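Structure first, commentary second.
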Amino acid sequence: MEWSLDEYEKLVIRMNTPRVVIDNAVCPAATVVKVDSARKDGVLLEAIQALMDLNLSIRKAYMSSDGRWFMDAFHVTDRFGRKLDDRVIPYIEECLGAGPASRSDTMEGVTVLELSGTDRPGLLSEIFAVLADLQCGVSDATVWTHNGRIASLIFITNEEDSGFPVAADSRRLQRIEARLRNVLKGENDIRGARTAVSSSLALGIHPDRRLHQMMFEDRDYERMPSGDESWSPPSVSVQNWVERGYSVVNVQCRDRPKLLFDVVCTLTDMEYVVFHGRIDTDGDRAHQEFYIRHKDGSPISSGAEKQRVIQCLQAAIERRASSGLRLELCTVDCRGLLADVTRTFRENGLSVTRAEVSTKAEMANNVFYVTDAAGRPVDHKAIDAVRDRIGMRILTVSEEPQPRPCQKGSDNEEASGIGLFSWGSIVKRNLFNLGLIRSCS
């Protein structure tokens, strides 16, 4: 049979496009999303990222690959713990099959700044004050702090009359970077501060993935002595399965939104490949198991490398874990809004540990997690004073959204109890849960 060039190109595209099947009937407690495709670097992370961007909670997952083809099944619910509405399933299938979305259409006129350095109380207030002084509007921003370090992506627009993007004026951009770098350095910055115009997002890297990369590059996984005896890291273990040439990573911690993304993102950026895996949740606890190798097919080779993987995964889990009281700000956006709000936080002894800033249709929808200056829970009198100054209806105290435990399914759907080194059981169980065989026995 002779193939034309067009037919061959169509075959290649089809082989490299994930096949997505969504089943809303097989499981009584969740919607099952099955994805299979030719294996390529990062394809598992792309699928998880797409589900995360759709605000879906992954209650269970089964992953299996022979190195050339991957088959994954995700048991998902909406953020209220409910199965998905049949009407949204075609849209989800389209999103998963399309691959990572490009951000180029949403970044017109926007300049993205990457900031990292040593965290300290009031730092975010100083950053937004500098941007306001330099007539830079902030349309979106994400700020993470962990282990004494801060990383942030800030999307800035031009509030000057010229109307040109900030990046179009190289001298102005250099001035902005220099002032922000001075703020980040402070007086006691040992590792140094970094400011740069981001090119990663334009290349299709997800903002959350870029923040993980920035924290990793800043070595936030190296635990600094704090004297906090109450600190208890997430449970992460790594063992080598010599007979099969795998390293087995086990994670047990409190479940939360985007947990699976944070773990798989870190393994991917450390250049490990997940060949098999199983994810389960029990109440508010998450249990994750991954069978991994290096890209060259070898397992983890030393005790030092094992320890580094453990530290990096613990850091990845902790970065997004909620620390502090959650405050939501919803109001009409205006010049200097973030500078005014964060200055009010600082003047009342509040320190921001994490922030998510978003502006849509001229409305600011911002979330801040705050502690006192020493990292302890905030005094409610301070919160009342802040809310009284900003506006009781504008600034509200809210709880962190948590995945709601879903109803236990049937024994087949549950497929519980992975034996750590039971090769036959994990492969058969994964193939069964992926719908490729009729029995696990």
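The values are calculated or read from the model by the stated rules, or taken from the named source; none is laboratory data. Here the structure is a predicted model, which is why all the values come from computation and not from measurement. A quick note on method: Cβ atoms are made from the backbone with ideal geometry, for glycine too, and the neighbour counts reach across all protein chains shown. The area values use the complete protein model at the heavy-atom level, side chains included, leaving out ligands, DNA and RNA. Shrake-Rupley method; radii C 1.70, N 1.55, O 1.52, S 1.80 Å.
Quick one: 3J(HN,Hα) in Hz for the stretch 122-138, Karplus 6.51/-1.76/1.60 with θ = phi - 60°, rounded, Gly and Pro as x.
Result, rounded to whole Hz: x, 4, 4, 4, 5, 5, 5, 5, 4, 5, 5, 5, 8, 6, 10, x, 10.
Give me the percent relative contact order of the stretch 245-374, please, defined on Cα pairs under 8 angstrom at least 6 residues apart.
After rounding, I find 22 percent.
Over the alpha-carbon set of the stretch 284-364, work out the extent along each principal axis and list the three values in angstrom, largest first.
Projected onto its principal axes, the Cα set of the stretch 284-364 covers 54, 32, 27 Å.
For a Förster distance of 41 Å, can you work out the FRET efficiency between the beta-carbons of Glu362 and Asp86, rounded to the nearest 0.05? Let's see the in-between values first.
On the way: r = 34 Å, r/R0 = 0.84.
It comes out at approximately 0.75.
Given R₀ = 22 Å, FRET efficiency for Ser235-Gln307 by Cβ-Cβ distance, to 0.05?
Working from the Cβ atoms, E equals 0.90.
For the peptides 52-59, 301-308, 216-223, what is the packing order when you average, over each peptide's residues, the other Cβ atoms within 10 Å and list the highest mean first? All intermediate terms of the calculation are to be shown ahead of the outcome.
On the way: 52-59: 19.8, 301-308: 12.0, 216-223: 17.8.
The peptides rank, most packed first, as 52-59, 216-223, 301-308.
Along each principal axis of its Cα atoms, how long is the stretch 217-332 end to end? Whole angstroms, biggest number first, please.
So the three principal-axis extents are 57, 32, 29 Å.
Grab every C-alpha pair in the stretch 104-155, bin the distances at 5 angstrom width from 0 up to the longest one, and report whole percents.
Pairs per bin, as whole percents: 4, 18, 29, 23, 15, 7, 3, 0.
With the calculation restricted to Cα positions, what are the radius of gyration and Dmax of the stretch 120-186 in angstrom?
Both quantities, over Cα of the stretch 120-186: 12.4, 41 Å.
Out of the total accessible area of the stretch 246-351 (probe 1.4 Å, heavy atoms of protein only), what percent is carbon and sulfur?
Numbers: 1700 of 3870 Å².
Heavy-atom surface of the stretch 246-351 belonging to carbon and sulfur, 1.4 Å probe: 44 percent.
Per residue, how many Å² of accessible area does the stretch 105-180 show with a 1.4 Å probe?
Value returned for the stretch 105-180: 39 Å² of accessible area per residue.
Using 7 Å Cα-to-Cβ label points, what is the Phe164/Glu108 separation (nm, one decimal)?
Placing both labels 7 Å along Cα→Cβ, they lie 1.9 nm apart.
Report the FRET efficiency, 1/(1 + (r/R0)^6), for Gln174 and Val130, where r is their Cβ-Cβ distance and R0 is 22 Å, rounded to 0.05.
After rounding to 0.05, the efficiency reads 0.95.
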